[in-house]
C-alpha cells in the first residue's frame, strides 16, 4: 500500500519531505516513521530517544488528525494515508 510521509521544519532538513513509501499490510505508524527516519542517523536521533521511543515533543498527524505518540505503536496505516511529523512548534 502507498503511504506518504511528510517531515516539517528541522526534521525536513534532515530527512526530506513528501516521501512516498510502499508499506506492508499491518504496518503501524511508529514502525513506518522509524523505517524512514532510520535512513539518516541524525534525523532518527532527533525524533526518537536511545530506546527508540518518540521524543516527548514530537507531533504526529495521520490524515490531518493528531495521533498521540503513545498510540503510534498500535495505530495502523492504510492505503493513501498522509503522515506528518513535526518538531515542537514555536512562534510569536
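The values are calculated or read from the model by the stated rules, or taken from the named source; none is laboratory data. Because the structure is a prediction, the values reported are computed rather than measured. Glycine gets a Cβ as well: all are built from the backbone with ideal geometry, and neighbour counts include every protein chain shown.
A few points about this structure:
- Those residues of segment 36-46 which are farther than 17 Å from residue 18 by Cβ and either in contact with a helix residue (DSSP H, G or I) (Cβ under 8 Å, 6 or more places away or on another chain) or loosely packed, with under 13 Cβ neighbours inside 10 Å (or both), in sequence order: 38, 41, 42, 44, 46
- Residue match in segment 49-71 (condition: touching a strand residue (DSSP E or B) at 6+ places or on another chain (Cβ under 8 Å), at pLDDT below 95 and surrounded by 18 or more Cβ atoms within 10 Å (Cβ to Cβ)): yes
- All helices (runs of 4 or more DSSP H) inside segment 1-70 with 3 or more residues being under 11 Å from the mean Cα position of the chain (by Cα) and farther than 20 Å from residue 88 by Cβ: 29-37
- Filter pass, residue 31 being at negative phi and surrounded by 15 or more Cβ atoms within 10 Å (Cβ to Cβ): yes
- Residue among 84, 78 that alone is over 13 Å from the mean Cα position of the chain (by Cα) and either in a loop (DSSP other than H, G, I, E, B) or crowded, with 17+ Cβ neighbours inside 10 Å (or both): 78
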